[in-house]
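> Here it is, the structure, as structure tokens.
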Amino acid sequence: MAPRVFSPQRSSPTSGDGMSTPSIRTRFAPSPSGHLHVGGARSALFCWAFARGHNGQFLLRIEDTDQKRSSDAASTGFLEDLAWLGIDWDEGPQWHGRGGGDTGPYYQSQRLDIYEPFTQQLLDSGAAYRAFETTEELDAARKLARAEKRAYRYDRAALELDPDTVERFLAEGRPHAVRFKVPDDEPIVVHDAVLGEVRLEPGELEDFVIRKGDGYPTYHFAVVVDDVLMGVTHVIRGQEHLANTSKHALLIDALGFDRPIWAHVSLIFNPDGSKMSKRDKDKTLRAEVKSRGLDSPPEGCGISREHWANWLADKKLQLETDAAASLARVLEISLPEIDVDDFRRAGYLPEVLVNYLSLLGWSPGGDREQFDRSFLVEQFGLDRIVKSPAKFDRSKLLAFNLDAIQAMDADQFVVRLQAFCQDFEPEFLEAMSTHQFKLFALSNKERSKTLRDPVDTGRFFVQSDEQIEWPMTKAIRKAICKGEPNGFDRLAAIRDLLAAAEPWEPAHLEEILSTWAETNCEGNLGKITQPIRVAVSGGPVSPPIYDTLEILGKKAVINRIDRCLANRENAMEASL
RNA sequence: GACCCCAUCGUCUAGUCAGGUCUAGGACAUCAGGUUUUCAUCCUGGGAACAGGGGUUCGAAUCCCCUUGGGGUCGCCA
């Protein structure tokens, strides 16, 4: 299909935040890997906020020019992730009613014929030339340079080729790359909105490739051409691109267009300073597997023996998201969250992640830390972007999430928890009535740091009475086995009182238990609530006991207490 | 290794551009008390930083230089 070409703006974009700026256009340009990494999410967020706050447009472009790596299974996971975060795009891939636009297509692989004339232009003007070295030759030259401890730069051998030879090579159909001829007489100076002026002395930059042997443009060339054609005025991206920017500046100059405003944001790291990478999950899993000496896949993780062996043998292999998650569950460890989707599954609220992410590498100034999207859009500016790198601190994110949940309307929390369960824990919706679920949600709200907390600690609500067991842990022993009388004695004593309780409501249950505690254990409520809690849940933790009992219902409560009492002898034996 | 970027509590940061109001503020984490039927909350209080060295200046967290440390890039990957 013939792409429509946007007429690039020739006037210089005015800098910074001027209200008179005609039309600010920012873009996020990921390569299509499954899910969105938090680093990418932060870049996207900044681009989006800047455009939204300045009456501009935010575009999405997919950089899929790596034929070797772009799999056809290119998922739309990251589009979902963006949508979940509340980052919408004005132009880009079409998805659920958004996207499209006049400057597409928005997949680079569909723009191949767009780049060619620009390559030709540079070739014709002598700003670029053809180079016939093979990858192997170049690799060897690099290796040699390294061995001799000198910096390798392409030697421009192809420039020495006489025109006839070049003609001959071309006639032979020799594969070749096109290189940009980097001017070597003056420094390259790039202005960055965050970093200021960045200079590169002449001779530091080699003649880089702009078109690969397979005819595809390199990233550098495609980015520059696309940004120009799409009318991008502000390029906000991670600092890993800073070194590339001089190439982009040169290319734009040679093509005769105006440079955009660049803003390079510092990188995000793990607390230990390592790169936050998708591999961290596999790393965690491998370490655990190794420390336990597992040489076959544990039951229930859903990984085949063969896959397991391959995964263990090749450290570069990564488990699929689902496989990694179920293995972690079986091993009872938690995986580090890396992708936006991981945070979603872990029960973080999108608005909280947005808030926290925006604080990594930017701040509104003063003491303001917690804010919503509209505040960010209103306040965000390039001038307050932080230069130094940041470490990702999950405990602070968790604290923010807690605050947001606490501040939420009760009804709102029920709805959000319901949506969460729908996506990730349908069991909870299936096993409970609407009324029960509401009680379940409300009784958990004030103690939840994430939407996952209620389901993690409340599994016993959706288990059958027969599934409840009482592993003899320290806490359980203390609650039901220790002392004279012990928890079992108290359970036996209160059992009929509970069975006769009417109505089965928190207030009434409280009355029963307090009265009983008053006469039987000097008002020490814990002496009776804790045994009941253990009996009905199989563990020492639950929502407030009266709520717990109400949600469970009288029948299940009595049944579980009876089963617990029936298990008394085993338990006492195990507790010794 | 070469080039580039960066440097305030354990962490994210305010303060730096326009040097004095900074005995450096906030948040998270941490520690000590307290509330609480479990867990989690919640309340009160404490400790905690201008990387080091030289300049400039009446005066430096703020400006300059060096050192050190951290990071990025050095692909016919993006």
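Bear in mind that the values in this text are calculations on the coordinates, not laboratory data. Since this is a predicted model, take the numbers as computed values, not measurements. All Cβ positions, even for glycine, are placed from backbone atoms using ideal geometry, and neighbour counts span all protein chains on display.
> Express in whole angstrom the spacing between the alpha-carbon centres of the range A:556-576 and the range A:304-363.
Between the Cα centres of the range A:556-576 and the range A:304-363 lies a distance of 38 Å.
> Right, something else. In whole angstrom, how long is each semi-axis of the equivalent ellipsoid of the range A:465-574, when you take the square root of 5 times every eigenvalue of its Cα gyration tensor and sort them from largest down?
20, 16, 12
> In chain A, what percentage of the DSSP-assigned beta bridges are antiparallel, given to the nearest 5?
55 percent
> Give the peptides A:453-465, A:497-509 in descending order of average Cβ contacts within 10 Å, highest first.
Per-residue Cβ counts within 10 Å, averaged per peptide and sorted highest first, yield A:453-465, A:497-509.
> Over the range A:465-574, what is the relative contact order in whole percent, taking alpha-carbon pairs under 8 Å and six or more residues apart?
36 percent
> Just the C-alpha atoms of the range A:387-506: what Rg/Rh do they give, with Rh taken as the Kirkwood radius?
1.09
> Kirkwood hydrodynamic radius of the range A:498-555 from all distinct Cα pairs, in Å?
11.5 Å
> Next up: Express in % the proportion of alpha carbon pairs of the range A:70-177 at distances exceeding 18 Å.
The answer is 70 percent, as a whole percent.
> Stokes-Einstein at 25 °C, 0.890 mPa s, Kirkwood radius from Cα pairs: D for the range A:379-449 in µm² s⁻¹?
169 µm²/s
> How would you classify the range A:112-265 from its alpha-carbon gyration tensor, with a ≥ b ≥ c the square roots of the eigenvalues: rounded for a/c under 1.5, else prolate if a/b is greater than b/c, otherwise oblate?
Oblate.
> How far is the Cα center of the range A:122-179 from the Cα center of the range A:73-117, in Å?
The two parts, judged by their Cα centres, are 35 Å apart.
> Within 10 Å of each residue's Cβ, count the other Cβ atoms and sort A:TYR107, A:TYR152 from fewest upward.
If I rank by nearby Cβ atoms, fewest first, I get A:TYR152, A:TYR107.
> Right, next: To the nearest Å, what is the center-to-center distance of the range A:260-296 and the range A:477-542, using C-alpha atoms only?
Computed from Cα coordinates, the inter-centre distance equals 46 Å.
> Okay, next question. Taking the Cα centre of chain A as origin, sum charge times position over the Cβ atoms of Lys and Arg (+1) and Asp and Glu (-1), and report the length of that vector in debye to the nearest 20.
960 debye
> Suppose only helical runs count, i.e. DSSP H with n ≥ 4. What mean residue ellipticity at 222 nm does that imply for chain A under -39500 (n - 2.57) per run, divided by all residues and rounded to the nearest 500 deg cm²/dmol?
Helix-only estimate at 222 nm: -14000 deg cm²/dmol.
> Additional query: In what order do A:ILE333, A:ILE528, A:ILE210 fall by count of nearby beta-carbon atoms within 10 Å, going from fewest to most?
Final ranking by Cβ density, sparse to dense: A:ILE333, A:ILE528, A:ILE210.
> Write down the Å³ per residue value for the convex hull defined by the alpha carbon atoms of the range A:246-285.
Convex hull volume per residue, Cα atoms: 100 Å³.
> Right, here's the next one. How would you order A:219-229, A:161-171 from highest to lowest mean count of nearby Cβ atoms within 10 Å?
Going from most to least packed, we get A:219-229, A:161-171.
> If I take every Cα pair under 8 Å that is 6 or more residues apart in the range A:355-499, average their sequence separation and divide by the length, what percent do I get for the relative contact order?
With pairs under 8 Å counted, the relative contact order is 17 percent.
> Could you list, bin by bin from short to long, the percent of Cα-Cα pairs of chain A in 20 Å steps?
Calculated P(r), rounded to whole percents: 17, 40, 27, 13, 4, 0.
> Order by neighbour count: A:HIS307, A:HIS96, fewest other Cβ atoms within 10 Å first, most last.
The fewest-first ordering by Cβ neighbours comes to A:HIS96, A:HIS307.
> If you don't mind, there's one more thing I want to ask. Could you tell me the relative contact order of chain A? Use alpha-carbon pairs under 8 Å, at least six residues apart, and round to a whole percent.
This gives 12 percent for chain A.
> Restricting attention to the range A:478-529, which GluC sites (Glu not before Pro) occupy a DSSP loop and are surrounded by at most 13 other Cβ atoms within 10 Å?
Answer in residue order: A:GLU522.
> Still on this structure, please answer the following. When a/c reaches 1.5 or more, the comparison of a/b and b/c decides; with that in mind, is the range A:408-462 rounded, prolate or oblate per its Cα gyration tensor?
Note, shape of the range A:408-462 comes out rounded.
> Oh, and also: What translational diffusion coefficient, in µm²/s and rounded to a whole number, does the Stokes-Einstein relation yield for the range A:279-402 at 10 °C and a viscosity of 1.306 mPa s, taking the hydrodynamic radius as the Kirkwood radius over Cα pairs?
94 µm²/s
> Right, next: Can you check what the net charge comes to around A:ARG156, using other residues whose Cβ is under 13 Å from the Cβ of A:ARG156 (Lys, Arg +1; Asp, Glu -1)?
After counting each charged neighbour, the total is -2.
> Show me the ranking of peptides A:23-29, A:326-332 by mean Cβ neighbours inside 10 Å, starting with the highest.
Answer by packing, highest mean first, reads A:23-29, A:326-332.
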